[in-house]
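J.: Encoded as structure tokens, here's the structure I'll be asking about.
Nothing in this text is a laboratory measurement; each read-out follows from the coordinates by a stated rule. Bear in mind that the values here come from a model prediction, so they are computed numbers and not experimental data. Cβ placement follows ideal geometry from the backbone for every residue including glycine, while neighbour counts extend to all protein chains displayed.
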Amino acid sequence: MKVLVTGGTGFIGSHTCCVLLEEGHEVVVIDNFSNSSKEVAEKIKEISDRNITLYEGDVADKDLLRGIFANEKIDVVIHFAAYKAVGESVKLPLKYYRNNLGNTLSLLEVMDEYNCKRLVFSSSATVYGTPEALPIKESFPLSTTNPYGTTKLMIEQILKDLAKADPTWSIAILRYFNPIGAHPSGLIGENPNDIPNNLMPYIVKVANKELEILSIFGDDYDTKDGTGVRDYIHVMDLAKGHLKAIEKVMKETKIDCYNLGTGEGYSVLELVETFKKVNNIDVPYQIVSRRPGDIAACYADPSYALEELGFKAEKGIEEMCKDAYNFIIKNKE
Ligand code: UFG
């Protein structure tokens, strides 16, 4: 199949491209490199020993999109391209609504023009807000606590309205839990330029002595050790979930949502201790107050994705911690 991947050089996008290429699919990427670089495209080619077709530009640019759909015979689209920093979205909501909603609307309109109606959308467990119970099922009520999350929820609604109006659309909405880790080659991974917002990139930079100390946001939650609990999923497993999702949208014409998580919750302290152990390195930390907007615990019920997509995450947190650090070591060299 020929797959258009928007945001294909980003963290999840790049790993997904590798998995698609490995499965023999043709990959066309559109990316404006707003949070990545052209070098990642080279690394994807190196890992897979295959070529990708790369279009540099913005997904909001309908003429560019029209050119892509006219030139390439795209079978299915995986839409990753979006801004994703929660804190920034609170400060700059319009930037988030303009980009995340604007580029999605352009994409959907052009897909419609070219009668390409198979889509996998990159959503997030953030759409469950403060979950009513654990583990989280797809049927739980939806709400958000920040503009980034609201863009994901709004796009889910747009897609549901679209599929209702035109049932020939086939759409898989993937709600990711917390993707970490990196490609086992160490060639691609997550390496934010700024001070990281997320836990694993922060741990890695402390281990690598680029940052002094990890701040753990609260140890007074109602969890096993008082620190926040999340469902960390290896980015390679997550990438494989996209493969299953494109198979699904090619086979069945419907819209549906799937949790992509492991179903296991680990605390911040458990993740830090595992990272220290498997990499044999120190990660100094201090306990500070809670981060506003954080929830105590969040983990998936992954059974629907298993039933419907045949997807099951396989890699454990030790491998996630090893691969995350390996990427940094390799890139230092
Ligand atoms: N944490 C720290 N110190 C840090 C960073 C994080 O203690 O420096 C803690 C958080 O308080 C939380 C856990 O580590 O308990 C995980 O935090 P992350 O920022 O890594 O991830 P979140 O679960 O807050 O958010 C992530 C993505 C969002 C997405 C959400 C979906 O960043 O984009 O998962 O549930 F919406």
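J.: For region 211-333, what does the equivalent ellipsoid look like in terms of its semi-axes, each the square root of 5 times an eigenvalue of the Cα gyration tensor, given largest first in whole Å?
T.: 31, 20, 11
J.: I've got another one for you. For region 154-269, build the charge dipole from Cβ charges (+1 Lys, Arg; -1 Asp, Glu) around the Cα centre, then report which of 181, 226, 203 sits farthest towards its positive end.
T.: It is 181.
J.: Further question: Filter the trypsin sites (Lys or Arg not before Pro) in region 253-333 down to the DSSP loop ones having no more than 16 other Cβ atoms within 10 Å, then list what survives. Present the calculation step by step, with values, prior to reporting the outcome.
T.: Details: sites: 254, 276, 277, 290, 312, 315, 322, 330, 332; in loops: 254, 290, 312, 315.
Here the sparse-neighbourhood loop sites are 254, 290, 312.
J.: Let me ask something else. Put +1 on the Cβ of every Lys and Arg and -1 on every Asp and Glu Cβ in the chain; which of 32, 193, 110 then has its Cα farthest towards the positive end of the dipole?
T.: Highest projection toward the positive end goes to 110.
J.: Between residue 139 and residue 250, how high is the FRET efficiency from 1/(1 + (r/R0)^6) when r is the Cβ-Cβ distance and R₀ = 22 Å? Nearest 0.05.
T.: So the FRET efficiency works out to roughly 0.30.
J.: Hey, another quick one. In whole percent, what relative contact order does the chain give with Cα contacts below 8 Å and a gap of six or more residues?
T.: Reported relative contact order: 19 percent.
J.: Sticking with this structure for a sec: Would you kindly state how much longer the chain becomes between residue 132 and residue 270 on full extension, computed as 0.36 nm times their sequence separation minus their alpha carbon distance, in nm to one decimal?
T.: Working it through step by step, the gained length comes to 47.3 nm.
J.: Let me ask something additional. Using the Cβ atoms and a cut-off under 14 Å, what net charge is assigned to the surroundings of residue 323, where Lys and Arg are +1 and Asp and Glu are -1? Display every interim value, and only then the final one.
T.: Details: positive: 315, 322, 330; negative: 190, 237, 314, 318, 319.
In short, -2.
J.: How big, in percent, is the set of alpha carbon pairs in region 119-162 lying more than 16 Å apart?
T.: 36
J.: How about region 83-171: which GluC sites (Glu not before Pro) there lie in a loop by DSSP and see at most 15 other Cβ atoms within 10 Å?
T.: Details: sites: 88, 109, 113, 132, 138, 156; in loops: 132, 138.
Sites meeting the loop and neighbour criteria: 132.
J.: Report, as a whole number in µm² per second, the diffusion coefficient that Stokes-Einstein gives for region 1-146 at 37 °C and 0.692 mPa s using the Kirkwood radius over alpha carbon pairs.
T.: 202
J.: Out of all DSSP beta bridges with both ends in region 188-310, state the antiparallel percent to the nearest 5.
T.: Values: 2 of 8 bridges.
About 25 percent, rounded to the nearest 5.
J.: List 205, 91 from most exposed to least, where exposure is judged by having the fewest other Cβ atoms within 10 Å.
T.: On the way: 205 19, 91 10.
Going from sparsest to densest Cβ surroundings: 91, 205.
J.: Please arrange 17, 116, 321 by how many other C-beta atoms lie within 10 Å of their C-beta, fewest to most.
T.: The order, fewest Cβ neighbours first, is 116, 321, 17.
J.: Return one number: the angle in degrees, 0 to 90 and rounded to the nearest 10, between the long axis of the Cα atoms of helix 147-165 and the longest principal axis of the Cα atoms of the chain.
T.: Long axis of 147-165 versus the principal axis of the chain: about 30 degrees.
J.: Let me ask you something else. Among 59, 6, 328, which residue has its Cα furthest toward the positive end of the charge dipole of the chain, with +1 on Lys/Arg Cβ and -1 on Asp/Glu Cβ?
T.: The one lying farthest along the dipole's positive direction is 59.
J.: Can you tell me the relative contact order of region 77-202? Whole percent, Cα pairs under 8 Å, sequence separation 6 or more. The partial results should precede the final answer.
T.: Values: 135 pairs, mean separation 35.0, N = 126.
This gives 28 percent for region 77-202.
J.: Quick one: work out the % antiparallel among DSSP beta bridges in the chain, nearest 5.
T.: On the way: 2 of 42 bridges.
Around 5 percent antiparallel, to the nearest 5.
J.: Show me the trypsin sites (Lys or Arg not before Pro) within region 32-86 that DSSP assigns to loop and that have at most 14 other Cβ atoms within 10 Å of their Cβ.
T.: Details: sites: 38, 43, 45, 50, 62, 66, 73, 84; in loops: 50, 73, 84.
Those satisfying the criteria are 73.
J.: To continue, here is another question. Would you list, by chain and number, the lysines whose Cα falls below 20 Å from the Cα of residue 164, excluding same-chain residues fewer than 8 positions away?
T.: 117, 152, 248, 251, 254
J.: Taking every eigenvalue of the Cα gyration tensor of the chain, multiplying by 5 and rooting it, what semi-axes result, largest first, whole Å? Don't jump to the answer; show the numbers that get you there.
T.: Details: eigenvalues 191, 104, 68 Å².
Largest first, the chain gives 31, 23, 18 Å.
J.: How do 124, 37, 139, 106 rank when sorted from fewest to most other Cβ atoms within 10 Å of their own Cβ? Let's see the in-between values first.
T.: Details: 124 23, 37 13, 139 9, 106 19.
Least crowded to most crowded, the residues run 139, 37, 106, 124.
J.: On to the next question. About the Cα centre of region 244-312, how large is the charge dipole given +1 on each Lys and Arg Cβ and -1 on each Asp and Glu Cβ? Please answer in debye to the nearest 20.
T.: 160
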